[in-house]
1. For segment 10-55, how big is the tail of P(r) above 12 Å, as a whole percent of Cα pairs?
2. Apply the Karplus parameterisation 6.51 cos²θ - 1.76 cosθ + 1.60, with θ equal to phi minus 60°, to every residue of segment 30-43 and state each ³J(HN,Hα) to the nearest whole Hz, in sequence, with x for glycine and proline.
Amino acid sequence: MSSNAGHSDRIHLDDRQNLALWAQKLDASSNQIREAVDAVGDDPGDVEMYLKGSRSTTNSDRMADKKKPN
């Protein structure tokens with residue numbers, strides 16, 4: 001992930017403006033960003049991958065959903 005002009009190349013949880021920027025950029029809530037940074041560190045690329053992984057479903061999840069009655 002490349003850094004745009006004016007954007008930090010790290011996510012700073014103690015800077016509300018920076019946190020809001022990254023939350024918007026990564027389409028996540030501030031709490032999701034905080035959780036991701038706690039898990040993988042403050043590199044935006046790592047946080048993005050963590051968020052994508054936490055939002056994806058597994059094949060087991062999809063199969064369980066198909067078995068649920070409507």
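1. Percentage above 12 Å: 51.
2. Computed from phi, the couplings for segment 30-43 are 4, 5, 5, 5, 4, 4, 5, 5, 4, 7, 10, x, 9, 6 Hz.
Just so you know, all these numbers are worked out from the coordinates, no wet-lab data involved. Since the model is a prediction, treat every value here as computed from it, not as a measurement.
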